[in-house]
Amino acid sequence: MLPSDLLFSHKRGAQVYPRFLRREQHAWAERVLNLIREHQHRTRGELHAALRALEGDSPDYRIVRGFAHLALNAAEFTLATGELEPEALRREVFTLAAERGGYGETQAREVLETVAPRYRLETATLREALYADLPENHLLTALPDFTPDRLVDRYNLAQAQGLLYSALYLRLIAHRNVPGEYRRLFQHLKFHGLMYAVEGNLDDGYQIYVDGPASLFKQTRKYGLQMAMFLPALLRVSRWEMEAMLQRDGQALSYRLDSQSPLKPLTAAPPAYDSLLEESFARRWEKLETPWALEREVEIVDLKGTVFVPDFALRHSDGRVAHVEIMGFWHPDYLRRKLDKLRRAAMPNLIVAVSERLNVGADDFRDVPGPVLFFKGKLEPRAVLDTLEHLP
Amino acid sequence: MKNITKDTAGLYRTGRDDAERQLRFDRGTLLLEGVAELPAGLETWFCYDPRVDAYRAPAHRYGEIIGPLKGELARNQAPRYQRRELVCALEMIPYPHQQEALAAWRAAKGRGVVVLPTGAGKTLVGLLALCWARRDALIMVPTLDLMQQWYALLRTAFPDQETGLIGGGYHEPQPLTIATYDSAARHIERLGDRFGLLLFDEAHHLPSEFYRVIAEFSLAPYRLGLTATPERSDGKDTDLLDLIGPIVYRKRPEQLAGDVLADFQVRPVHVDLSPAERVAYQQALDERNAFLQANHLALNTLEGWNRFVMLSARSVDGRRAMRAHRDARRIAHATPAKLRALGMILANHPGAKTVIFTEDNATAYEVSQRFLIPCLTHQTLIKERQDILDRFKSGVYAAIVTSNVLNEGVDVPDASVGVILSGSASAREFVQRLGRILRRGDGKKAVLYEVIARETREERVADRRRMPPDPGRKVERIEATLALFDPERSTGLKPGR
């Protein structure tokens with residue numbers, strides 16, 4: 001992400017748009033990266049001076065600085081003063097200087113002349129060496145791992161994130177996404193300390209209203225930074241729209257974004273299935289001849305404070321709908337929470353398939369309204385199909 | 001990190017017993033669960049939160065809420081702070097004004113702001129408050145130096161008590177914890193239930209948009225603000241009433257002078273730019289002004305300045321003009337003439353404890369390298385910083401140079417000469433810089449030099465009223481400085497910016 005002084009946006013009415021890079025500005029990314037590469041094993045001070053020279057009097061200077069900021073966040077600098085210990089050197093020199101009883105340029109020169117020979121240095125070099133450990137004298141040791149294109153992507157994403165710094169709340173509309181995407185979406189919201197309320201249904205899509213605990217009392221920009229950090233996770237979802245309500249200079253503005261946006265997420269796509277168990281179940285269902293179609297576009301159940309997202313939906317050509325939740329190998333703590341969720345979700349048309357390897361029995365599912373199916377090893381699609389026929 | 005709070009609203013709640021009415025802390029708010037309907041009289045504070053199907057109130061209302069709510073609750077899980085018997089190992093003999101300040105704060109039920117000039121021992125008032133409140137406490141400080149200073153003090157005063165730090169690379173919440181405002185604001189969502197007393201040192205920092213959550217997201221019933229200068233140029237100082245409490249005690253420097261503060265004297269030193277510098281300065285100004293004129297801009301208002309910043313980003317000419325503006329500033333600030341003047345001042349006070357203030361790091365390092373005076377900037381690591389201050393206190397070093405870091409509250413005893421190289425005229429900064437050398441001494445007379453380049457922009461900052469250079473000028477300037485202590489008396493000198 002970028003500091004506010006390197007962010008650009010423009011307004012049209014009550015809409016605000018991040019200013020993404022124009023094609024001809026992309027060239028700066030390569031120039032900045034080349035310059036950084038040329039400065040490997042050289043000082044931060046030199047690199048900064050070179051970057052200043054690169055931007056020159058160009059009105060694009062903030063783009064240069066933005067690229068440099070993002071690239072150098074991924075670089076490493078190391079202190080390299082060799083044998084000299086600047087801190088000890090300062091102590092020695094400053095103590096000697098103080099002992100002279102009065103400060104002045106002549107006295108300073110005499111002190112340096114006394115000390116310099118001990119380190120086999122010129123007096124002028126000694127004067128410089130006093131602060132050789134300052135950050136600007138650190139050496140660039142590890143280069144950032146960026147291609148120019150990736151840096152451009154990162155820059156544009158940072159501009160979009162920057163708008164969210166002043167967000168009061170987000171409204172997300174999501175529909176026809178696979179369960180894993182929904183789960184990760186909610187996991188990321190939670191991870192960033194955000195809260196949400198979910199409305200809607202499978203067919204029309206879900207509206208997810210995002211803000212933070214204290215937003216209840218007054219609208220606040222306190223959660224804007226968290227929303228900005230959350231944005232890359234949203235880009236991992238397949239189909240969504242976002243409207244962010246911003247407050248800037250006392251003005252209410254809206255920023256809209258959707259899954260058609262060219263913004264690129266930070267990380268590689270996660271696996272399509274959360275577990276092998278699910279994947280093999282889905283693959284074997286395909287081979288079954290049945291009017292029940294297995295779909296991954298599922299329902300979201302808002303449990304007030306958390307959500308329940310089943311693994312699969314099953315749709316019959318006659319309009320009947322059921323859901324399947326597979327409980328495979330889980331941590332005991334997770335299992336306890338999952339059970340609590342199943343009870344609270346109270347879905348009569350939800351088939352819970354439970355591995356016999358888990359330390360749970362039929363007793364644990366007393367309050368779960370739907371059918372429970374225990375299985376050994378792999379979950380047989382046939383067994384699910386049988387259960388389906390017995391659903392009311 | 002120890003003591004992670006589980007943010008339960010974000011995690012799955014298990015085994016919740018709906019019959020049980022409980023209050024708990026949830027990320028800077030109070031959550032009342034297990035109530036079908038809100039008990040009467042609580043609607044002032046609580047709102048229904050459909051996101052979690054419970055009632056929620058702002059955490060900082062805890063003190064007001066808990067009285068009427070107590071009888072309604074099966075369990076109160078909100079506060080997680082403890083009662084602590086704090087036995088102070090330090091022999092404290094408070095001055096009358098310190099005792100009065102504590103009494104006034106106690107009379108206000110442990111919520112309020114105490115205003116005392118720098119050097120009048122605000123920290124001791126804080127220590128007295130800690131001993132009185134006997135609750136786990138979080139102390140907010142604006143700088144790492146102050147953090148260090150409070151840490152040393154608490155270690156000495158309460159040697160048996162765990163003292164933690166948050167900020168400056170540390171994250172150790174303890175019953176007594178010192179945090180920077182920055183770090184406290186970042187972590188208060190998770191820490192707001194762990195302290196019964198919040199102590200805000202240099203409390204005028206609190207009302208900013210980013211820091212105010214420290215007060216809002218904490219349920220601490222006791223709150224004390226300490227500051228020399230509660231006024232803020234954005235007018236938000238009135239928010240202190242809600243965030244901490246009313247100003248319960250206030251004393252001005254002249255009300256304490258003689259008693260506590262050393263007598264002081266201000267001597268402006270005007271230096272001239274060298275002919276070459278003057279040419280460069282003029283060229284830079286001309287270049288900038290040409291751009292301003294061409295674009296019909298004036299810099300005497302904030303709006304004009306903002307337009308200049310905006311326009312300058314859009315064209316090559318604008319960029320040049322902005323650079324020229326900066327060059328002019330740099331010439332005025334870091335002129336070698338000032339360093340020559342500094343040499344003169346140092347020669348006039350051989351062996352005197354001297355603190356030199358600069359506005360930027362580069363000048364601080366330049367002074368350090370030229371005169372071999374130890375230098376403190378925000379880049380100086382805590383260990384070395386402490387070493388330099390210790391050696392300055394013990395007299396090994398006779399002078400230190402610093403870029404702003406000493407502005408607030410750092411204990412530098414005994415300094416009798418202060419030099420401001422390239423300062424600005426913000427009232428707060430000035431009072432605090434003066435305060436630095438006004439610490440109680442043995443009848444010494446402190447001197448503050450303000451080194452100003454003549455005929456530059458800076459001179460106008462230092463003296464908004466243009467005065468002809470006549471013999472009466474010095475006297476007037478000292479009066480103008482004094483007026484800074486007293487808002488009612490200050491007429492032409494408003495805080496800068």
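Just so it is clear, none of the values below were taken in a lab; they were calculated from the coordinates. This is a predicted model, so every value here is computed, not measured. FYI the Cβ positions are ideal-geometry reconstructions off the backbone, even for glycines, and counts take in every protein chain you see.
Some notes on this structure:
- From phi via Karplus (6.51, -1.76, 1.60), per-residue ³J(HN,Hα) for the range B:205-216 in Hz, x at Gly/Pro: 6, 4, x, 5, 4, 7, 8, 4, 4, 4, 6, 6
- Part-to-part distance (alpha-carbon centres) for the range A:265-282 and the range B:334-366, which is given in Å: 65
- In terms of its Cα atoms, the range A:150-202 spans 36, 26, 19 Å along the principal axes, sorted from long to short.
- Cα gyration tensor shape of the protein assembly as shown, rounded if a/c is under 1.5, else prolate or oblate by comparing a/b with b/c: prolate
- In sequence order, calculated HN-Hα J values of the range A:340-349 (Karplus, 6.51, -1.76, 1.60; Hz; x Gly/Pro): 4, 5, 4, 4, 6, 5, 6, 9, x, 9
- Amide H contacts under 5 Å for B:Asp49, placed H, 5+ residues apart: B:Ala54, B:Tyr55, B:Arg56
- Projection of the Cα convex hull of the range B:305-409, averaged over all directions and equal to a quarter of that hull's surface, yields 8.6 nm².
- Taking the DSSP bridge list for the protein assembly as shown and keeping only pairs wholly inside it, about 50 percent are antiparallel.
- For the range A:104-109, backbone phi angles converted through the Karplus equation (6.51, -1.76, 1.60; θ = phi - 60°) give residue-by-residue couplings of x, 5, 5, 4, 4, 4 Hz, Gly and Pro being listed as x.
- Amide H partners (placed H, <5 Å) of B:Arg111, local residues excluded: B:Arg223
- Bridges between two residues of the range B:137-265, per DSSP, are antiparallel at a rate of about 10%.
- Taking a straight Cα-Cα cut-off under 13 Å and skipping sequence neighbours fewer than 8 places away in the same chain, the aspartates and glutamates within cross-link reach of A:Lys378 are A:Glu278, A:Glu279, A:Glu356.
- Shown for B:Leu448, B:Leu297: other C-beta atoms within 10 Å of each C-beta, ranked fewest to most, produce the order B:Leu297, B:Leu448.
- Shape call, the range B:296-335: gyration tensor on alpha carbons, a/c limit 1.5: oblate
- Residues B:Ala298 and A:Asp5, FRET efficiency given R0 of 30 Å [Cβ-Cβ distance, rounded to 0.05]: 0.85
- Dividing the summed helix terms, -39500 (n - 2.57) for each DSSP H run of n ≥ 4, by the number of residues in chain A produces a 222 nm estimate of -11500 deg cm²/dmol to the nearest 500.
- Panel order for A:Glu99, A:Glu241, B:Glu172, by other beta carbons found within 10 Å of each beta carbon, from fewest to most: A:Glu99, B:Glu172, A:Glu241.
- Across the cross-link table entries A:Lys190/A:Lys341; A:Lys190/A:Lys304; A:Lys222/A:Lys341, which are compared at the Cα atoms, the separations over 19 Å belong to A:Lys222/A:Lys341.
- Entries in A:Lys287/A:Lys376; A:Lys218/B:Lys109; A:Lys287/A:Lys338 that, when Cα-Cα distance is taken, lie over 32 Å: none
- Three-way shape call for the range A:167-316 based on the alpha-carbon gyration tensor, with the a/c threshold at 1.5: prolate
- Computed on chain A, with alpha-carbon pairs under 8 angstrom and 6+ residues apart, the relative contact order is 14 percent.
- Annotation note: trypsin sites (Lys or Arg not before Pro) in the range A:79-170 located in DSSP loop regions with a Cβ neighbour count of at most 15 within 10 Å are A:Arg120.
- Counting every other Cβ atom within 10 Å of each residue's Cβ, B:Cys47, B:Cys375 order from fewest to most as B:Cys47, B:Cys375.
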